[in-house]
Amino acid sequence: MLEVDDVSVALGGTTVVSHVSARVPHGAWLGVVGPNGAGKSTLLRAVVGLVRYEGHIRLGGREYGPGELRARACAVAYVPQRPLLPRSMNVTDYVLLGRSAHHSYLGPETARDLSVTAGVLERLELSRLARRALGELSGGEQQRAVLARALVQEAPVLVMDEPTTSLDIGHAQLVLELADQLRRDNGLSVLCSLHDLTVAAQFADDLLVLSGGRAALLGKPAEVLTEANVKRFFGASVEVLPGLAGPVVSPIRHASSLEVTRAT
Amino acid sequence: MTLTARPGLDRAGTPHLRKAEAALPGRELFPTRLRAWHIAAGVLFLLCSLLASVLVGPYHLPPAQVLAALASKIPLLHVRSGLGALGNADVWQIRAPSAVLGGLVGAMLAVAGASYQGVFANPLADPYLLGVAAGAGLGATVAIVYGPAAWASSLSPLPIAAFVGAVAAVAATFTLGRSRNGPRSPASLVLAGVAVAAFFTAVQTFIAQRQNSGDLEVVYNWILGGLSTAGWAPVELIAPYVAVSAAVLLACRRLLDALSVGDEEASSFGVHADRARLVVVVAATLGTAAAVSVSGLIGFVGIIVPHTIRLLAGPSYRRIIPLSLLFGAGFLVLANLAAGAVLSPEQIPLGVVTAFLGAPFFLVVLRQSRRMG
């Protein structure tokens, strides 16, 4: 359970997130969408405790102070937008870093750390790559390794910031399906920002639209993703079609460019 | 797909991954660990280096008698030293302390280099990055130029002055490297280190240039580095610093691996990145300042040794830190042996030997990091 209550974030004197409130129950997926610079990543980083914020963020009903990194890491796990991958580190060592909050600060991993990690590697079909260096993996495999590192934290809240940015459509689908399955299996609360509105609508129970750092809309994908709302908040002309798993947002090419194309 | 983690609720109603470790194949995982044979190889290399260093010296002593002299100090082993008073003095007051001093300094410089490379995520970072060398150089110059002449023969205040200079330079780096709105970033620390080093070097050059050629020679001999010692005083002086510093860095070796994913990600899984960096940098710097204060400026050890280990034993600091201690110690003892043997009985400055080996090595590392970057 994640509760964001009247949260504001200022970076370098500029307010980036302003009075945002949201709630993600057990096993629910809240998608965060919005135009570039709307404050999506900053809100997610605030939830993970990576930026200072005003307001309240409760994870499992508890608030964590800025110094409580270890306790917070047991309550929320994070998949960053552009993870920094040490190319020569092997997959096992990398994923085990996610267990840092579970064993003594300076000590080695315990047998339980190893068994949880082995379980997650197997779950994400990474066992055969366990000894490979991260630099030798494909983009999709690397992203699964990052997800594995977050999952071994065994945190009930999973925060993912554009987890499919560097992936092709097939790998993007694979990673999101996997996260969705884990959410269902393990009752994770998922907070995930995505640029692709159609994909966001397919996976999220609710969508939060951020605009200029404020929560502009919060509701079911079908209610939020209307042609008028997309035009208003993204400045995009789109056609919203009913899809099997949620609304499909299809961009409409401007008439003037269409005419130019046809004329040539 | 085998499902190894299924939903469940604990007593508080919080969902969690089922704790079914007994059923999970944890034993099949092979995380990078330091193996016993790694340590055995390092210890063997160090012991062989120390032995070679004690057996060879500018004045010839029969190796069998030197070995007997060494064995005579082992308790319960009733062996009589075959050496006379002069030979015994050579072994126990010159060769042995020089070898041990070389081991301590080499271990410290190598492990500090590895640690700096970890915390600054820069393969070319060395133990002198934050102005230690320039500060120690200024301290030593002040002691040589302004200290009473009698100091040169008795227990010299030179190491103390060098140590004070090194610590002052690093303190200045830390003060200047602090960002206005938050913790020190690696880049601002390194830039502050460059500025402080330039300033301290300028002051040192100014003082040295105004002195007579005798003082200048002493200053430059110190800067070029060496381990020539008569007696155990320098060893006793730096051993506590090296021991504490090495212990702290050994304890932090897993954190150095965690820092390789960047501060923000490390924080997200519970590692206090800025605290870890501060502890590692302070420990590495204090140890380096102590080592430099008795050995002068010996370059490249902190680059050659960690990178060779990285090449042979992999990129994990769990191996690099402890192995840098052992192999760094052995490496500098052997380099010192080479410095004495190449133009025997003349001694080449040790810093010159390590630079001869290190400069080409540095270029190889630079080319590799360019290729990777």
Along region A:24-37, Karplus-curve 3J(HN,Hα) (6.51, -1.76, 1.60; θ = phi - 60°) to the nearest Hz, with x for Gly and Pro, reads 10, x, 3, x, 9, 10, 9, x, 10, 10, x, x, 4, x
Rounded to the nearest 0.05, FRET efficiency between B:Val352 and A:Ser237 (Cβ-Cβ, R0 51 Å) equals 0.10
Compactness summary of chain A: radius of gyration and Dmax from Cα atoms, Å, are 19.5, 70
Between A:Ala222 and B:Leu51, the two model label points (7 Å from Cα along the beta-carbon direction) sit apart by a distance in nm of 8.2
Per residue of A:94-104, other chain Cβ atoms within 10 Å number on average 4
Rounded to whole angstroms and listed largest first, the alpha-carbon spread of region A:185-244 along its three principal axes comes to 38, 30, 17
P(r) of region B:238-373 over all Cα-Cα pairs, 5 Å bins starting at 0, rounded to whole percent, reads 2, 9, 15, 19, 19, 17, 10, 5, 2, 1, 0, 0
Quick numbers on the protein assembly as shown, Rg and Dmax over C-alpha atoms in Å, give 30.2, 106
With Rg from the Cα atoms and Rh as the Kirkwood inverse mean 1/r over Cα pairs, region B:113-372 has an Rg/Rh of 0.97
TM-like helix rule applied to chain B (DSSP H, alpha carbon span at least 30 Å on the long axis, mean Kyte-Doolittle at least 0.0) gives B:96-119, B:186-209, B:273-295, B:317-341, B:350-372
Filtered hits (aspartates and glutamates, Cα-Cα < 12 Å from A:Lys231, offset >= 8 within chain) -> A:Glu239
Fewest-first ordering of B:Trp92, B:Trp37 by Cβ atoms within 10 Å yields B:Trp37, B:Trp92
Quick calc, B:Ala243 & B:Arg35: beta-carbon distance into FRET formula, R0 30 Å, rounding 0.05, result 0.80
Once A:Ser138 and A:Ser21 are pulled to full extension, the length gained, defined as 0.36 nm per residue separation minus their Cα-Cα distance, is 38.4 nm
So B:Gln368 and B:Ala64, fully extended at 0.36 nm per residue minus their Cα-Cα distance, gain in nm 104.9 nm
Rounded to a whole number, the mean other protein chain Cβ count within 10 angstrom for residues of A:178-186 is 3
With label points set 7 Å from each Cα along the Cα-to-Cβ direction at B:Lys73 and B:Ser185, the distance between them in nm comes to 5.1
Ordered by fewest other Cβ atoms within 10 Å, a rough proxy for footprinting exposure, A:Met89, B:Met108 read A:Met89, B:Met108
CD proxy, 222 nm, chain A: helix-only mean residue ellipticity via -39,500 (n - 2.57) per DSSP H run with n ≥ 4, per residue, nearest 500, stands at -10000 deg cm²/dmol
The residues A:Met1, A:Met160, sorted from fewest to most surrounding Cβ atoms within 10 Å, come out as A:Met1, A:Met160
Taking Rh as the Kirkwood radius computed over alpha-carbon pairs of region A:133-206 and applying Stokes-Einstein at 37 °C with viscosity 0.692 mPa s, one gets a diffusion coefficient in µm² s⁻¹ of 258
When chain A is treated as a Gaussian network with springs between alpha carbons less than 10 Å apart, the largest mean-square fluctuation among A:Lys40, A:Lys231, A:Lys220 is found at A:Lys231
Ordering B:244-257, B:347-360 by per-residue average of other C-beta atoms within 10 angstrom, highest first, gives B:244-257, B:347-360
Inter-chain shielding metric for B:295-302, i.e. average beta-carbon neighbours from other chains within 10 angstrom, reads 0
Note: probe point = Cα of A:Arg128 + 7 Å toward Cβ; backbone nitrogen < 18 Å; residues of region A:156-198 passing the test are A:171, A:174-175
Two pseudo-spin positions, 7 Å from Cα along C-beta at B:Asp274 and at B:Phe361, lie apart in nanometres by 3.5
The rounded separation in angstrom of the Cα centers of region A:30-96 and region B:295-339 is 37
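Just so you know, all these numbers are worked out from the coordinates, no wet-lab data involved. Everything numeric here is computed off the predicted structure, so don't read it as measured data. Virtual Cβ from ideal backbone geometry, glycine too; neighbours counted across all protein chains shown.
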